[in-house]
Structure formats: C-alpha cells, structure tokens
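One structure is given here, and the rest of the page talks about it.
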Amino acid sequence: MSIAVLSTHRPRLARRARLEWDGVRERHVLLEPEGVLVLNQTGAIILGLCDGERTVDEIVEELRKRYNRVAGDEVQDFLSRLVAKRLVELGDE
C-alpha cells in the first residue's frame, strides 16, 4: 500500500526506528525491532533531515544544496516506502 507523502508534510523517524552508523558495514543503517535496513549515503542524509520540523520541500532544497540533481518525487517515493513500513511518520502539513 502506497502512502502519499506531500511536499508539505514534516517527516520524522518513528519511535520504533533508529538511524545509526554501523562500523562493520561502514554504512548508516535504520534499526527497527524486526530488522535492519542498510542505507546508501543519500538515504541516510534524507533520514537525518527528517526531524519533524522540516517539510519535505525543505529537505529536498537542502539536498539540492549538496548535490547537482535531486528529484523531489524520488525523495517522496523513498519516504513513502518507509511510511508504509512504519519507520517514518508524517507530521502535519
């Protein structure tokens, strides 16, 4: 089931999820009670910006400052998948 993530939502990590650095894998991981999701660098940066204060648009804008090409719809798709897994929660628009 796909959850619509709007540009005005304010995403944050769910209480059941923790973003941590895994020294063995030398990558960021998203820990949850049922397992571990290994993240690429961009995914880790996106989740690091999900503080419940920034909107999705503000997260995309921050990413555009760091990278040449950032597609807002790709960020929304990434967050939508994590919302569906209950790893990210959406704050008020």
- Note on the structure: Within the range 54-90, the residues that are among the basic types (Lys, Arg) and over 13 Å from the mean Cα position of the chain (by Cα) are Arg64, Lys65, Arg66, Arg69
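Considering each of Asp73, Asp51 in turn, give the residue that is loosely packed, with under 15 Cβ neighbours inside 10 Å and modelled with pLDDT of 95 or more.
Working: Asp73 fails: modelled with pLDDT of 95 or more.
Result of the check over Asp73, Asp51: Asp51.
Just checking, does the range 39-56 include any residue being in contact with a Ser or Thr (Cβ under 9 Å, 6 or more places away or on another chain) and not β-branched (Val, Ile, Thr)? Can you show your working first?
At the first step, the residues of the range 39-56 found to be in contact with a Ser or Thr (Cβ under 9 Å, 6 or more places away or on another chain) are 55-56.
Next cut, not β-branched (Val, Ile, Thr) only: none.
Scanning the range 39-56, I find no residue that is in contact with a Ser or Thr (Cβ under 9 Å, 6 or more places away or on another chain) and not β-branched (Val, Ile, Thr), so the answer is no.
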- Message: What pairs come out if I take residues in the range 32-54 that are in contact (Cβ under 8 Å) with a residue 40 or more places away in the chain and pair them with residues that are crowded, with 17+ Cβ neighbours inside 10 Å and part of a helix (DSSP H, G or I) whose C-beta lies under 8 Å away, six or more apart or interchain?
- Response: Leu47/Leu82
- Task: State all residues of the range 15-41 that are surrounded by 16 or more Cβ atoms within 10 Å (Cβ to Cβ) and either outside any strand (DSSP E or B) or at pLDDT 95 or above (or both); if no residue qualifies, say none.
- Result: Ala17, Leu19, His28, Val29, Leu30, Leu39
- Task: Keeping to the range 42-93, report how many residues are assigned to a helix (DSSP H, G or I) and basic (Lys, Arg).
- Result: 4
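The values are calculated or read from the model by the stated rules, or taken from the named source; none is laboratory data. Computed from a prediction, not measured in an experiment: that's the story for all the values here. Virtual Cβ from ideal backbone geometry, glycine too; neighbours counted across all protein chains shown.
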